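Each remark here refers to the structure printed beneath this line.
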Amino acid sequence: MSESTNSSIVSATDLERVFGEGAAAVRALDGITVEFPKGRLTAIMGPSGSGKSTLMHCLAGLDRPTSGTVSIDGVELGALDDAKLTELRRDKVGFVFQFFNLLPVLDARENLLLPLKLAGRRPEEGRLDRLVEAIGLADRLDHRPAELSGGQQQRVAIARALLGEPAVVFADEPTGNLDSASSEEVLALLRRAVDELGQTVVMVTHDPVAAAIADRVLVLVDGRIVRDEPARDADQVVELMKQAG
């Protein structure tokens, strides 16, 4: 595995996560060392139970590993208490989930701005307008989530994740609840965030089409990274999964 570099936004060393004790213990992560460089989109894949969601949760500071270290933008998460960890996630991490996580009583604009409002911050001048233009929903900002399609809701969620200029965006099955046309729009938006904004994105997905837009594909099996290769196309991703299995 490569040595740590200044361009690495997220890194993990000897990461282990064990659930339960004794004979019932399950080793979800088994000594993972990996880096995620700045301005790249990495897809994490693997069969059900391979540890990909656990890895993302530990990398994002949503779960604490049993052993090993995780750093985001040069800050080691294990050295932080719960309050400081919450603060780091708020300031450094953006999240995109499968089910959008928009508040139904707020319109799209209010949902976009909510995390920064809670943090007592305002977006950089012009950034909100640029993101609204990028997601193509300028005429839908006064609509509540129920009045938007699934694809539109996910585009709002991605813009919300990007608005605070996080060091990294973690996307957990971002197309898992969308039809193919909406998935294509959402994936194109994530790709633009990397190419045009220099955003770092780590995406957990089971979809080879989604993984094919990445710069790199990691395949997990039984809590270990078994393949780490540049992404090329969906057929190549399918072949990687077959080889890993």
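The values are calculated or read from the model by the stated rules, or taken from the named source; none is laboratory data. As the structure is a computational prediction, the values presented were derived from the model and not from experiment. Reconstructed Cβ throughout: ideal geometry from the backbone, glycine too, with neighbour counts over all protein chains shown.
Counting just the residues of the range 63-88 that are without any contact (Cβ under 8 Å) to a residue 60 or more places away in the chain and crowded, with 19+ Cβ neighbours inside 10 Å, which one comes out nearest to PHE19 (Cα to Cα)?
Step one: of the range 63-88, the residues without any contact (Cβ under 8 Å) to a residue 60 or more places away in the chain are 63-69, 74-88.
Next, from what is left, pick out any that are crowded, with 19+ Cβ neighbours inside 10 Å: 65, 77.
Numbers: PRO65: 10, LEU77: 20 Å.
Selected residue: PRO65.
Just need a number here: residues in the range 1-21 that are modelled with pLDDT of 90 or more, more than 23 Å from PRO166 (Cβ to Cβ) and hydrophobic (A, V, I, L, M, F, W, C).
Number satisfying all stated conditions: 2.
Are any of the residues in the range 192-215 part of a strand (DSSP E or B) and of a type outside the set (A, V, I, L, M)? Even if it seems obvious, please write down each step before you answer.
As a first pass, look at the range 192-215 and keep what is part of a strand (DSSP E or B): 201-204.
Cutting the leftovers down to of a type outside the set (A, V, I, L, M) gives us none.
Within the range 192-215, none of the residues are part of a strand (DSSP E or B) and of a type outside the set (A, V, I, L, M).
When VAL217 is evaluated against the numbered criteria (1) surrounded by fewer than 19 Cβ atoms within 10 Å (Cβ to Cβ); (2) touching a strand residue (DSSP E or B) at 6+ places or on another chain (Cβ under 9 Å); (3) modelled with pLDDT of 90 or more, which criterion, by number, is the only one it fails?
Condition not satisfied by VAL217: (1).
Looking only at the range 163-173, which residues are at pLDDT 90 or above and not hydrophobic (A, V, I, L, M, F, W, C)?
Across the range 163-173, the qualifying residues are PRO166, ASP172, GLU173.
Scan (1) without any contact (Cβ under 8 Å) to a residue 24 or more places away in the chain; (2) within 15 Å of ALA167 (Cβ to Cβ) for the single condition ALA24 breaks and write down its number.
Failed condition: (2).
In the range 94-127, which residues are under 17 Å from VAL201 (Cα atoms) and either small (Gly, Ala, Ser) or in contact with an Asp or Glu (Cβ under 9 Å, 6 or more places away or on another chain) (or both)? Please lay out each step first, then the result.
To start, the set of residues in the range 94-127 that are under 17 Å from VAL201 (Cα atoms) comprises 94-98, 100.
Across the range 94-127, the qualifying residues are GLY94, PHE95, VAL96, PHE97, GLN98.
Go through the range 41-89 residue by residue and tally those that are assigned to a strand (DSSP E or B) and in contact with a His (Cβ under 9 Å, 6 or more places away or on another chain). If you could, list the steps in order and put the result at the bottom.
Taking the range 41-89 and keeping what is assigned to a strand (DSSP E or B), we get 41-45, 67-72, 75-76.
From the residues that got through so far, the ones that are in contact with a His (Cβ under 9 Å, 6 or more places away or on another chain) too are 45.
The qualifying residues number 1.
If you take the residues in the range 112-162 that are of a type in the set (Val, Ile, Thr) and out of contact with any strand residue (DSSP E or B) (no Cβ under 9 Å at 6 or more places or on another chain), which one is modelled with the lowest pLDDT? Don't jump to the end; show me each part of the working.
Let us first name the residues in the range 112-162 that are of a type in the set (Val, Ile, Thr), namely 132, 135, 156, 158.
Filter once more, keeping what is out of contact with any strand residue (DSSP E or B) (no Cβ under 9 Å at 6 or more places or on another chain): 132, 135, 156.
Working: VAL132: 85, ILE135: 82, VAL156: 91.
That would be ILE135.
Give me a count of the residues in the range 168-198 that are within 11 Å of the chain's Cα centre (by Cα) and either over 27 Å from ASP139 (Cβ atoms) or not small (Gly, Ala, Ser) (or both). Even if it seems obvious, please write down each step before you answer.
Restricting attention to the range 168-198, the residues satisfying the condition of being within 11 Å of the chain's Cα centre (by Cα) are 168-174, 190.
Now drop any that are not either over 27 Å from ASP139 (Cβ atoms) or not small (Gly, Ala, Ser) (or both), which leaves 168-170, 172-174, 190.
Total satisfying the criteria: 7.
Would you confirm whether any residue within the range 156-168 is buried (at least 20 other Cβ atoms within 10 Å of the Cβ), of a type in the set (A, V, I, L, M, F, W, C), farther than 23 Å from ASP91 by Cα and touching a Lys or Arg at 6+ places or on another chain (Cβ under 9 Å)?
Within the range 156-168, not a single residue is buried (at least 20 other Cβ atoms within 10 Å of the Cβ), of a type in the set (A, V, I, L, M, F, W, C), farther than 23 Å from ASP91 by Cα and touching a Lys or Arg at 6+ places or on another chain (Cβ under 9 Å).
Quick one: would you say VAL96 is under 30 Å from ARG140 (Cβ atoms), surrounded by fewer than 16 Cβ atoms within 10 Å (Cβ to Cβ) and not small (Gly, Ala, Ser)? Spell out how you get there, then give the answer.
Details: under 30 Å from ARG140 (Cβ atoms): yes; surrounded by fewer than 16 Cβ atoms within 10 Å (Cβ to Cβ): no; not small (Gly, Ala, Ser): yes.
Spelling it out, it is not the case that VAL96 is under 30 Å from ARG140 (Cβ atoms), surrounded by fewer than 16 Cβ atoms within 10 Å (Cβ to Cβ) and not small (Gly, Ala, Ser).
Any chance you could count how many residues in the range 99-111 are modelled with pLDDT under 90 and surrounded by 17 or more Cβ atoms within 10 Å (Cβ to Cβ)? Lay out the reasoning, then the answer.
From the range 99-111, those modelled with pLDDT under 90 are 99-101; that's our starting set.
From the residues that got through so far, the ones that are surrounded by 17 or more Cβ atoms within 10 Å (Cβ to Cβ) too are 100.
Of the residues in that region, 1 qualify.
Would you be able to say whether some residue in the range 92-103 is in a helix (DSSP H, G or I), out of contact with any Ser or Thr (no Cβ under 9 Å at 6 or more places or on another chain) and within 30 Å of ARG227 (Cβ to Cβ)? Lay out the reasoning, then the answer.
Here is the first cut: in the range 92-103, the residues in a helix (DSSP H, G or I) are 92.
When the remaining residues are screened for being out of contact with any Ser or Thr (no Cβ under 9 Å at 6 or more places or on another chain), the result is 92.
After this cut, where a residue has to be within 30 Å of ARG227 (Cβ to Cβ) as well, the list is 92.
Yes: one or more hits.
If CYS58 passes every condition in (1) closer than 30 Å to VAL221 by Cβ; (2) loosely packed, with under 13 Cβ neighbours inside 10 Å but one, which one does it miss?
(2)
Taking the conditions exactly as written (out of contact with any Pro (no Cβ under 8 Å at 6 or more places or on another chain) and surrounded by fewer than 16 Cβ atoms within 10 Å (Cβ to Cβ)), does ALA138 satisfy them or not?
Here the answer is yes, as ALA138 does meet what is asked.
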